[in-house]
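Here is the structure we will look at.
All of the numbers you see were taken from the coordinates with simple rules; none came from a lab. A quick note: this is a predicted structure, and the numbers were derived from the prediction, not measured. Here the Cβ is made from the backbone with ideal geometry for all residues, glycine too, and neighbour counts use every protein chain on show.
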Amino acid sequence: MELTTRRLLLRPLREDDAPALARGLNNFNVSRNLARVPWPYSLEDASAFIALQRGFDPRGCVCAIAFNCAPDELIGMISYEPREDGRFELGYWLHESCWGLRIMSEAAAALVHYAFTMGGVSVLASGYHADNPKSGRILRRLGFVETHEEMNLSLAQGKDVATIKLRLGLADWLSQNESRAA
């Protein structure tokens, strides 16, 4: 599956993405904001993840993010994965050099649209570390609403961190899109 936006290509991960994946996630400023990513992050970690994600639940979607003008150069990732409670969890990260360009807002809007229209998803959940409010703004712009705060382990930080949890249901997403179109 590939999705295109005005500037971006969301495409499957490939083995040759491992070096860019390792460079992006071996930056503590990036990995500290993610729950399940260790730091330091090596080329071996990236290669293992790429191999592992091929076995992920096929109801989910894992995408490399690249610019349309440079489709082979991974600049981040975005995914949604099914959880045991029936919801799907949205997660993402972006190379620090691309922060502040609204790239993740563009990528996330495309993947949320795909999840609700083609992916069979009825509820998306997500979260962000409380000390990373920019990620929260991305989610709120998409229509996610806060449900609660909890402590979760950050592998990169090696400790529990306050995490704000949010959700977005299909009905709410459809309603928001209808009101935007009106």
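Of 129, 148, how do they rank once you tally other Cβ atoms within 10 Å and put the fewest first?
Details: 129 19, 148 10.
Going from sparsest to densest Cβ surroundings: 148, 129.
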With T = 10 °C, eta = 1.306 mPa s and Kirkwood Rh from C-alpha pairs, the Stokes-Einstein D of the range 3-181 in µm²/s is about 96
Taking 101, 155 and counting other C-beta atoms within 10 Å, the order from fewest to most: 101, 155
Suppose every Lys and Arg Cβ carries +1 and every Asp and Glu Cβ carries -1, with no other charges. What dipole size does the range 3-181 come out with about its Cα centre, to the nearest 20 debye? 500
Average Cα contact separation per residue, the chain, under 8 Å, 6 or more apart, as relative contact order %: 22
Note down the net charge around residue 8, summing +1 for each Lys or Arg and -1 for each Asp or Glu among other residues with Cβ under 11 Å from its Cβ. +2
